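Peer 1: Structure provided below as structure tokens; questions to follow.
The values are calculated or read from the model by the stated rules, or taken from the named source; none is laboratory data. Nothing here was measured: the structure is a model prediction, and the numbers come from that model. Here Cβ is always computed from backbone atoms with ideal geometry, including for glycine, and neighbour counts include all displayed protein chains.
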Amino acid sequence: MEIKNVCVIGSGIMGSGIAQLIATHGYQVNLVDVNEVILNNALKSIENNLEKFYIAKNKITKEEAEKILNRINVYVDLNKALENIHMVIEAVSENMVIKQHIFSELDEICEKKVILASNTSSLSITEIAQKSINQNRIIGMHFFNPAPVMKLIELIKGKNTSAEVMDVSKQFSESLNKTVVTIIDSPGFVSSRLIYVLCNEAINMLSEGIASIKDIDSICKLAFNFPMGPLELSDLVGNDVYLNIGKYLTKEFGKKYKPSQLLKEMVSEESLGRKTRKGFYEY
């Protein structure tokens, strides 16, 4: 099966970034969200990103940017957005109940040949697919933030994901100029399970007064050659996202993954990072 038209559900930071990436590589994209205000904001964000990071740096022309934007269509009506689609990528919040509902609905609406992918960063693909009938076409396709820039895609094979769906999804992911790794379904996969432990431990050390925010990040950047420190990264990804990952991993693997009390407090205070302009740093 050849992928030509893709539907992205959710137009937040990840959804809009995925839509921009896919449109940049020549695919038609239908971007779906709950209302037109959110969708228009997403389009404006994509336009600003193309201007700031691509046109201004002479990576693409204004004409090329216009072609990318023209490949992205926005929809509130899910049924219309799914017409003539070959792949759907879900990029909504990390909530198992919501994702199960979405995939069950997609499974009813979409033709059986349509691939259904989740951009979840930690939730089990097998569990996400549990409420669906055609579980063989459901796969994990984990992009990293910012999706147009980060080179990696984690492809996750659920218990019932078919080999054909894995192969087609890998070919599609590679067409986006990404390095693709394939892994067997497990909570947190590889990337989120590892990076959560690092970020959560950094937050624990901060709460214990061992070092300052800046010094913890500097140590990781200079000692391990990381492009950003764990506290900077937590702000970028979203402190609420890491809290949800921690809760999920604790439920699956035990108390060694228990989220830091400081992380819980920050999320309760809406100090979520860049998206609220306040986290470990102010933006």
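Peer 1: In the range 237-247, is there at least one residue being acidic (Asp, Glu) and over 21 Å from the mean Cα position of the chain (by Cα)?
Peer 2: no
Peer 1: Can you name the residue in the range 89-121 that is small (Gly, Ala, Ser) and surrounded by fewer than 24 Cβ atoms within 10 Å (Cβ to Cβ) and, of all such residues, is modelled with the lowest pLDDT?
Peer 2: 93
Peer 1: Pairs, please: C-beta under 6 Å, at least 6 apart or cross-chain, first residue surrounded by fewer than 21 Cβ atoms within 10 Å (Cβ to Cβ) and in the range 257-283, second of a type in the set (Ser, Thr, Tyr) and part of a loop (DSSP other than H, G, I, E, B)?
Peer 2: 274/283; 277/283; 278/271
Peer 1: Give me the pairs: first residue in the range 147-171 and surrounded by fewer than 22 Cβ atoms within 10 Å (Cβ to Cβ), second residue assigned to a loop (DSSP other than H, G, I, E, B) and of a type in the set (D, E, K, R), beta-carbon distance under 7 Å, and six or more apart or on different chains, which are they?
Peer 2: 151/178; 152/178; 157/185; 159/185
Peer 1: For the range 172-196, enumerate the residues that are hydrophobic (A, V, I, L, M, F, W, C) and either surrounded by fewer than 17 Cβ atoms within 10 Å (Cβ to Cβ) or more than 20 Å from residue 280 (Cβ to Cβ) (or both). Break it down into steps so the answer makes sense when it comes.
Peer 2: First, pick out the residues of the range 172-196 that are hydrophobic (A, V, I, L, M, F, W, C): 172, 176, 180-181, 183-184, 189-190, 194-195.
Once the filter is applied, which keeps residues that are hydrophobic (A, V, I, L, M, F, W, C) and either surrounded by fewer than 17 Cβ atoms within 10 Å (Cβ to Cβ) or more than 20 Å from residue 280 (Cβ to Cβ) (or both), the range 172-196 yields 172, 176, 180, 181, 183, 184, 189, 190, 194.
Peer 1: Continuing with this model, one more query. Taking the conditions exactly as written (over 22 Å from the mean Cα position of the chain (by Cα) and closer than 29 Å to residue 45 by Cβ), does residue 213 satisfy them or not?
Peer 2: yes
Peer 1: Take the conditions of a type outside the set (Phe, Trp, Tyr) and farther than 14 Å from residue 192 by Cβ and apply them to residue 234. Does it pass? Spell out how you get there, then give the answer.
Peer 2: On the way: of a type outside the set (Phe, Trp, Tyr): yes; farther than 14 Å from residue 192 by Cβ: no.
In short, no.
Peer 1: Regarding the range 23-34, can at least one residue be identified that is outside any helix (DSSP H, G or I), at pLDDT 95 or above, among the polar types (S, T, N, Q) and crowded, with 22+ Cβ neighbours inside 10 Å?
Peer 2: yes
Peer 1: Considering each of 52, 59 in turn, give the residue that is part of a helix (DSSP H, G or I) and surrounded by fewer than 16 Cβ atoms within 10 Å (Cβ to Cβ).
Peer 2: Criteria check complete, one pass: 52.
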